[in-house]
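Novice: Sharing a structure, written as structure tokens. Questions coming.
The values are calculated or read from the model by the stated rules, or taken from the named source; none is laboratory data. Here the structure is a predicted model, which is why all the values come from computation and not from measurement. Cβ placement follows ideal geometry from the backbone for every residue including glycine, while neighbour counts extend to all protein chains displayed.
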Amino acid sequence: MCRWAAFGIAAPNRFVMRRSAQERRWVCSRRALRLAAVATLMLVGLSSLARPQSADAALEIAEVAAGLFVHFGANALMTAENEGGIANVGFIVGDDAVAVIDTGGSVREGRRLLAAIRTITAKPIRYVINTHAHPDHVFGNAAFAREGAAFVGHRNLPRAFSVRGPFYLSAFRRIMGDVLDGVELVPPQRSVDGETKLDIGNRVLTLHAWATAHTDNDLTVLDDITQTLFTGDLVFLRHIPVVDGSLRGWLAALKPLATFAAKLAVPGHGPAAAWPLALDDERRYLERLAQDCRALIARGTPIAEAAVTAGVSEKSHWELFEAYNARNATAAFAELEWE
Amino acid sequence: MGFDATDKSELRSMARQGIRILWMLAFATVLGVSSAQPLTAADPEDAWPGLARDIFNGRDLADGTGVIAIEMPYRAEDAAIVPVTLRTALPPGDTRMLKAITLVIDQNPAPVAATFQVGPRVTMISTRVRIDSYTNVHAVAELSDGQLYASAVFVKASGGCSAPTAKNAEEAKANLGQMRFRQFSKPADGPTGGPREAQIMIRHPNNSGLQRDQVTLLYVPAFFVTELHVWQGEELVLAMDSGISISEDPNIRFDYLPNGATHFRVEAVDTDGHVFKREWPVDAAM
């Protein structure tokens, strides 16, 4: 079905692959290789001098409810310096065992979370729950691989790991270098579809798998005893929300989410907050974004222009606004164009 | 340890050269971060000379300045949806016409994003592409005399959770093949006769086939729109021959000159041989 002939020209080959160019890059003389090795050794030496290794110092944690601990991540982008430690990660201690909720943005952060757990309890870690597939929440998984824990995630989590994993690994290798060593996207042994209850010894956790909202693999964890809700990135506070699933789906999810029997929420990013008040800022931002995009679409504004306009009135309310708002506007515009 | 003199002096000289390389690396890093210009042909890492040779069979590429321009954000905010606008212009008195534009994303796994064949009155094409990493993007215009003109921009892929893949895989499957057509007036022009803009949208996941399903351990088969044609009456306005770098839900906006026809007709074909067809009346009110 090729109609190039109608134009009287040959069709360019769209299946040209870059392999040949990459292969050429490997052609390198032995001497250059030895020089590169010396330079690398020097770099390694310099970098280890610059970054003192305190062997897996425990992460700073806060007990936000009885037996429920959180390390609050910095509102920042993942870097080598912060070891990817930008998301909230936590754990809940039951009578028999521990459940970990998210593992952080590097294996090192995961190991430091494990060290923090061991300052509180020697009980076995029974579950490692991933609230969704984003790197800042799951890159620490490998630190728990030898703990005998079952990894738990949304039924869409394995697909997200396979579709996005290789991109995440190479993109963050560029940004974080060897801090990324050892990262493995451990797929869940237990997947959650709808609702699942996990028992860690007289303490039941209710896991809820959501339809596409922040991502297409969002999972929340409710600690029934203390009525504390780990929202994953379904809730952002202070850190601008990031739309990577569906804006409409997210706004729709906020209604049932608000009815959850919780007193306190631990968001994916930002401080713990009273429930459901914790949803107010995020709802306002997402509604503003949707409203702006709809108006721009109705006017026939091109997407590139919309990306720098939609949502800007929210700027003063959020950290990392510059890093994510244009991205959110782009994704929201492309989604809402189909309404 | 038994190093002889030659070994030691060679080691010393290698150490000196190592330091030199470190400095060069440091400078390269600084330059790499601050430079918004496309990589030059002299750079050994530049994939373009080889790509250009393979794609255009060694034909000469003239400098496209003033003939073809690429508008893209310097930073790809969302790696899955990076807007790109191609604009063409010919100097006054130049009687040649634009025939085709090839869009190449140098560092993507399949660099040729699309080739657009254009009707006689198209000067602007906008679409959305996936960007895998920091890359040069080239647009090559072919004129009616067969001469090729190339322009380039550099695009920085964003970090964060931005990935060049579907955000909502279920929905993508459920809505396959839906089409929308929008017509826009250009406020700068009068009510009749001037150029207008239109936009064609098709629901399609445009899977790249580069991903592996972790449950079945099989590669997800490539599944994308390969061809798209837009006619105004019987006249072809635009044809796209496309690959996996075009974003999910292919979306193309273009300008055209009304030719008096009453209908637009659109036909798209994907890798599975699905044919998606629809017609829309030309909006005469605009």
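Novice: Of (1) surrounded by 21 or more Cβ atoms within 10 Å (Cβ to Cβ); (2) in contact with a Pro (Cβ under 9 Å, 6 or more places away or on another chain); (3) at the interface with chain A (Cβ under 10 Å from one of its Cβ atoms), B:A113 satisfies all except one. Which?
Specialist: (2)
Novice: Now a separate question. Consider the range B:56-84. How many of its residues are among the β-branched types (V, I, T) and surrounded by fewer than 17 Cβ atoms within 10 Å (Cβ to Cβ)? Steps first, please.
Specialist: Filtering the range B:56-84 for residues among the β-branched types (V, I, T) gives B:65, B:67-68, B:70, B:81-82, B:84.
Narrowing the set further to residues that are surrounded by fewer than 17 Cβ atoms within 10 Å (Cβ to Cβ) leaves B:65.
So the count comes out to 1.
Novice: Restricting attention to the range B:272-283, report how many residues are touching a Pro at 6+ places or on another chain (Cβ under 9 Å) and surrounded by fewer than 16 Cβ atoms within 10 Å (Cβ to Cβ). So that I can check it myself, show each step before the final result.
Specialist: Restricting attention to the range B:272-283, the residues satisfying the condition of being touching a Pro at 6+ places or on another chain (Cβ under 9 Å) are B:272, B:282.
If we keep only those that are surrounded by fewer than 16 Cβ atoms within 10 Å (Cβ to Cβ) as well, we get B:272.
Adding up the residues that qualify gives 1.
Novice: Here's a check for you: in the range B:61-75, which residue that is within 9 Å of chain A (Cβ to nearest Cβ) and assigned to a strand (DSSP E or B) is farthest from B:I246 (Cα to Cα)? If you could, list the steps in order and put the result at the bottom.
Specialist: Filtering the range B:61-75 for residues within 9 Å of chain A (Cβ to nearest Cβ) gives B:71-73, B:75.
Going one step further and asking which of them are assigned to a strand (DSSP E or B), we end up with B:71, B:75.
Details: B:E71: 16, B:R75: 18 Å.
So, considering only residues that are within 9 Å of chain A (Cβ to nearest Cβ) and assigned to a strand (DSSP E or B), the one farthest from B:I246 (Cα to Cα) is B:R75.
Novice: For the range A:157-172, give me each residue that is more than 7 Å from chain B (Cβ to nearest Cβ) and surrounded by fewer than 24 Cβ atoms within 10 Å (Cβ to Cβ).
Specialist: Within the range A:157-172, A:G165, A:P166, A:L169, A:S170 meet the criteria.
Novice: Additional query: Which members of the range A:209-244 meet the condition of being out of contact with any Leu (no Cβ under 7 Å at 6 or more places or on another chain) and part of a strand (DSSP E or B)?
Specialist: Hits for the range A:209-244 are A:F230, A:T231, A:D233, A:F236.
Novice: Can you tell me how many residues in the range B:250-261 are modelled with pLDDT of 95 or more and part of a loop (DSSP other than H, G, I, E, B)?
Specialist: Residues flagged as modelled with pLDDT of 95 or more and part of a loop (DSSP other than H, G, I, E, B) within the range B:250-261 amount to 1.
Novice: Does A:R284 satisfy the criteria of being more than 9 Å from chain B (Cβ to nearest Cβ), assigned to a helix (DSSP H, G or I), touching a residue at least 24 places away in the same chain (Cβ under 8 Å) and of a type in the set (K, R)?
Specialist: yes
Novice: Condition test on A:A99, is it out of contact with any helix residue (DSSP H, G or I) (no Cβ under 8 Å at 6 or more places or on another chain) and more than 15 Å from A:L222 (Cα to Cα)?
Specialist: Taking the combined requirement at face value, the residue does not satisfy it.
Novice: Please determine whether any residue of the range B:242-257 is over 16 Å from B:V129 (Cα atoms) and more than 13 Å from chain A (Cβ to nearest Cβ).
Specialist: Checking the range B:242-257: at least one residue is over 16 Å from B:V129 (Cα atoms) and more than 13 Å from chain A (Cβ to nearest Cβ).
Novice: Among (1) surrounded by 19 or more Cβ atoms within 10 Å (Cβ to Cβ); (2) within 23 Å of A:A160 (Cβ to Cβ); (3) in contact with a helix residue (DSSP H, G or I) (Cβ under 7 Å, 6 or more places away or on another chain), where does A:L251 come up short?
Specialist: If we test A:L251 against (1) surrounded by 19 or more Cβ atoms within 10 Å (Cβ to Cβ); (2) within 23 Å of A:A160 (Cβ to Cβ); (3) in contact with a helix residue (DSSP H, G or I) (Cβ under 7 Å, 6 or more places away or on another chain), just (1) comes out false.
Novice: Something else about it: Would you point out which residue out of A:A310, A:A290 is in a loop (DSSP other than H, G, I, E, B), under 29 Å from A:A74 (Cα atoms) and among the small types (G, A, S)?
Specialist: Result: A:A310 is the single residue among A:A310, A:A290 that is in a loop (DSSP other than H, G, I, E, B), under 29 Å from A:A74 (Cα atoms) and among the small types (G, A, S).
Novice: Tell me which of these B:I244 doesn't satisfy, since it passes every other one: (1) in a loop (DSSP other than H, G, I, E, B); (2) modelled with pLDDT of 90 or more; (3) more than 23 Å from B:A79 (Cβ to Cβ).
Specialist: The single condition B:I244 does not satisfy is (3).
Novice: In addition: I'm checking my understanding of the structure. Among residues of the range B:230-258 that are without any contact (Cβ under 8 Å) to a residue 60 or more places away in the chain and closer than 20 Å to B:M124 by Cβ, which one is surrounded by the fewest Cβ atoms within 10 Å (Cβ to Cβ)?
Specialist: B:W231
Novice: Sticking with this one: Would you please name the residue that is nearest to A:G270 (Cα to Cα), looking only at residues in the range A:211-233 that are buried (at least 24 other Cβ atoms within 10 Å of the Cβ), of a type outside the set (S, T, Y) and away from chain B (no Cβ under 14 Å)?
Specialist: Restricting to residues being buried (at least 24 other Cβ atoms within 10 Å of the Cβ), of a type outside the set (S, T, Y) and away from chain B (no Cβ under 14 Å), the top hit is A:F230.
Novice: Residues being among the hydrophobic types (A, V, I, L, M, F, W, C), at the interface with chain B (Cβ under 10 Å from one of its Cβ atoms) and farther than 19 Å from A:L237 by Cβ: count how many of those fall in the range A:312-331.
Specialist: Residues meeting the conditions: 3.
Novice: So, of the residues in the range B:76-99 that are farther than 29 Å from A:Y168 by Cα and among the charged types (D, E, K, R), which turns out to be nearest to the other protein chains (Cβ to nearest Cβ)?
Specialist: In this case the residue turns out to be B:K99.
Yes or no, residue by residue, for (1) in contact with a Gly (Cβ under 6 Å, 6 or more places away or on another chain); (2) modelled with pLDDT under 95; (3) of a type outside the set (A, V, I, L, M, F, W, C):
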{"position": "A:R118", "(1), (2), (3)": "no, no, yes"}
{"position": "A:I129", "(1), (2), (3)": "no, no, no"}
{"position": "A:A150", "(1), (2), (3)": "no, no, no"}
{"position": "A:S162", "(1), (2), (3)": "no, yes, yes"}
{"position": "A:V179", "(1), (2), (3)": "no, no, no"}
{"position": "A:V183", "(1), (2), (3)": "no, no, no"}
{"position": "A:P187", "(1), (2), (3)": "no, yes, yes"}
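Novice: Considering each residue of the range A:298-339, count those that are β-branched (V, I, T) and buried (at least 19 other Cβ atoms within 10 Å of the Cβ), and give that number. Working first, answer last.
Specialist: To start, the set of residues in the range A:298-339 that are β-branched (V, I, T) comprises A:301, A:303, A:308-309, A:312, A:330.
Filter once more, keeping what is buried (at least 19 other Cβ atoms within 10 Å of the Cβ): A:303, A:330.
Total meeting the criteria: 2.
Novice: Shifting gears a bit: Can you say whether B:P205 is at pLDDT below 95 and farther than 27 Å from A:F333 by Cα, as far as the supplied structure shows?
Specialist: Spelling it out, it is not the case that B:P205 is at pLDDT below 95 and farther than 27 Å from A:F333 by Cα.
Novice: Suppose we filter the range B:148-176 for residues that are away from chain A (no Cβ under 12 Å) and either among the charged types (D, E, K, R) or not in a strand (DSSP E or B) (or both); how many remain?
Specialist: 1
Novice: So which of A:A133, A:A171, A:A150 is among the aliphatic types (A, V, I, L, M) and touching a Leu at 6+ places or on another chain (Cβ under 7 Å)?
Specialist: One residue alone meets the criteria, A:A133.
Novice: Here are the criteria: (1) more than 14 Å from every other protein chain (Cβ to nearest Cβ); (2) surrounded by 17 or more Cβ atoms within 10 Å (Cβ to Cβ); (3) under 14 Å from A:W318 (Cβ atoms). Tell me which single one A:A272 does not satisfy.
Specialist: A:A272 satisfies all of (1) more than 14 Å from every other protein chain (Cβ to nearest Cβ); (2) surrounded by 17 or more Cβ atoms within 10 Å (Cβ to Cβ); (3) under 14 Å from A:W318 (Cβ atoms) except (3).
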